[in-house]
C-alpha cells in the first residue's frame, strides 16, 4: 500500500474518532429509563420510570411525559419512541358486533358494544358519522367500515337524484 493511501486511512480514522467524541459531548445524558408499562382501570397507560443511579421510581402517563420537555429529554431515544407509540396507540372503547341490512329503513344498521359491557346500541352509518365521540372510540378498521358504508349510501342517493332529474326532464 502506498504511503499516501496509508496517510489517508489514518486521517479518516482520526476524523471518525473526533466525530464520535463530539457526538458523545453533544448528546444529552440519559437520566431516566422505563422500567414497566401498565394499563390502569381506566384503560390508560402508566409508565413506571426509574431515575438512573437512584432508587427513585416515578409513575406517569405518556401525555405527562410528552408535555414536559425537560423530562422527555432525559429519556433515551428508544424510550422516547416507546412513549410516543403509547400515545398513538389508543385502545378502542367500542366495537362493531354486527352489521345488518334493515329493509324498513333501507339502510345498514350497526350494533356497537362498549368494551367490557353486554349492552349495545343500534345506529346507521350516517348516525354514527355524526357522533364524533362514538366514531373516535372505534378502532380504525371499524371506523373505516362505517365511513365506507356512509359514503356508499350518500353516493347511491346522489345517483338516484340524478336519475330522477333526468327522468323528469324527458
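The values are calculated or read from the model by the stated rules, or taken from the named source; none is laboratory data. Predicted model, so just to flag it, every value in this text is computed and none were measured. Ideal geometry is used to build each Cβ from the backbone, glycine not excepted, and the neighbour counts take in all protein chains shown.
Within region 59-116, the set of residues being within 25 Å of residue 139 (Cβ to Cβ), more than 21 Å from the chain's Cα centre (by Cα) and not in a strand (DSSP E or B) comprises 116 only. When region 34-54 is filtered for residues that are at pLDDT 85 or above and either loosely packed, with under 15 Cβ neighbours inside 10 Å or outside the structural domain of residue 71 (by TED's automatic domain parsing) (or both), the ones remaining, listed by number, are 35, 36, 37, 38, 48, 51, 52, 53, 54. Condition check: modelled with pLDDT of 90 or more and in a strand (DSSP E or B). Does residue 128 satisfy that? No: the conditions fail for residue 128.
For residue 67, the requirement of being under 25 Å from residue 37 (Cβ atoms), at pLDDT 90 or above and loosely packed, with under 15 Cβ neighbours inside 10 Å is met.
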